[in-house]
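Please treat every number below as a calculation from the coordinates, not as lab data. All figures in this text were calculated on a predicted structure; none of them were measured in a lab. Cβ sites come from the backbone with ideal geometry, for glycine too, and all protein chains shown count toward neighbours.
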Amino acid sequence: MVALRDGSVRFSELRRRVEGISQKMLTQTLRGLERDGIVRRTVYPEVPVRVEYTLTEAGRTLCEPLSALEEWSIAHLGDVSAAQESYDRAHRPPADSTDRDK
């Protein structure tokens, strides 16, 4: 969503903007957002075919709340990481006795 807030973007550019996402996952996500009326997919009959994705009016209304969530996530990243590490330590399964004998 953030990658689309400045206007229409081609699939390959979206993939560059969304680091670490696979082509399959990006395709599935875009299809879901299109189905939900958040993203519009436009195919241009050129050679090669050009496909662009744009936020719909409904999609644009999500930009502000998502920006607030992004800001919160950045501000609290350290707290969340610390909580995850604490949780993982507290919920670590006990070492198997056979592992100690090695």
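Structure values in brief
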| quantity | calculated |
| --- | --- |
| Helix-only CD estimate at 222 nm, as mean residue ellipticity for the chain, using -39500 (n - 2.57) per DSSP H run (n ≥ 4) | -15500 deg cm²/dmol |
| Ranked 53, 44, criterion: other C-beta atoms within 10 Å, fewest first | 44, 53 |
| Charged-residue dipole, Cβ positions (Lys, Arg, Asp, Glu), the chain about Cα centre, Debye nearest 20 | 480 |
| Signed unit charges on C-beta, dipole axis of the chain, positive-most listed residue 14, 93, 74 | 14 |
| Where labels lie 7 Å past Cα in the beta-carbon direction, separation of residue 12 and residue 90 in nm | 4.9 |
| Amide H contacts of residue 10 (H built 1.01 Å from N, under 5 Å, at least 5 apart or other chain) | 53 |
| J(HN,Hα) series, the range 73-81, from Karplus relation 6.51 cos²θ - 1.76 cosθ + 1.60, nearest Hz, glycine and proline x | 4, 5, 5, 10, 4, x, 5, 5, 4 |
| With Cα atoms, 0 to 90° folded angle of helix 23-35 axis to the chain main axis | 60 |
| Sequence ranges 6-16, 64-74, ranked by mean other-Cβ count within 10 angstrom, highest first | 6-16, 64-74 |
| Label-point gap, in nm, between residue 43 and residue 28 - each point 7 angstrom along Cα→Cβ | 2.2 |
